[in-house]
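Read through the structure below, which is laid out as structure tokens, and then see the notes.
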Amino acid sequence: MTATQAGLTDSDLIRLSHDRPESFGAVFDRHAATLHRYLARRAGRSLADDLTAETFLTAFKSRTRYDVSRSDALPWLYGIAANLLRGHQRAELRQYRALARTGVDPALDAPDDRVLAQVTAAGHVRALAGVLAKPNPGERDVLTLYSQAELSYPEVARALDIPIGTVRSRLHSARKRLRAALHDFPHLDLTNGIDDE
């Protein structure tokens with residue numbers, strides 16, 4: 001990314017890419033690592049590589065339809081990624097089931113990450129993964145975009161093209177399921193803030 005591009009918003013770069021397609025590369029540079037982490041956690045590292053590439057290819061092909069009044073393209077990119085993930089739900093469910101059994105997060109790969117994975121292998125992580133392994137893609141999409149990707153309610157709504165009330169409702173339902181799963185760990189409140197913005 002050039003110094004000039006660094007001062008431009010995502011919408012500026014996308015608008016610029018209509019005539020100069022190479023400008024879209026700066027959007028990739030800004031957001032690829034963040035999207036890859038999100039996708040790796042949901043579908044595993046090997047699938048995340050492909051899905052990240054597919055997300056940006058889809059975004060590039062549809063860039064002329066991007067709402068340039070939105071300066072930050074990350075929620076839009078998360079929405080594309082979430083749509084692509086729907087086609088890979090079985091792999092995602094396998095990842096959550098493996099995390100529920102082992103406590104080893106598939107998004108962690110480096111030696112330092114393995115140490116962290118051993119620490120996170122506690123029962124509460126397995127319980128949480130067990131809840132996420134149960135089929136409910138709508139809740140799972142909202143919960144992971146809110147908690148892992150740290151999108152706001154309006155950004156989640158925009159990413160998934162659903163009303164903000166649906167975001168609130170799905171997070172409320174997910175919070176109830178998480179609390180039920182974590183009843184054996186009363187000292188933890190991993191759901192704190194899930195349905196409070």
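Tabulated values for the structure
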{"item": "Overall Cα dimensions of the range 1-88 - principal axes, largest extent first, Å", "result": "35, 25, 19"}
{"item": "Under the Karplus curve 6.51 cos²θ - 1.76 cosθ + 1.60, θ = phi - 60°, whole-Hz ³J(HN,Hα) for the range 33-48, x wherever Gly or Pro sits", "result": "5, 5, 5, 4, 4, 4, 5, 5, 5, 8, 9, x, 4, 5, 6, 4"}
{"item": "Per-residue ³J(HN,Hα) for the range 54-65, Karplus 6.51 cos²θ - 1.76 cosθ + 1.60, θ = phi - 60°, Hz, x for Gly and Pro", "result": "5, 4, 6, 5, 4, 4, 4, 5, 9, 5, 6, 9"}
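We did not get these values from a lab; they are worked out from the coordinates using the rules stated. Values in this document were obtained by computation on a predicted structure and should not be read as measured data.
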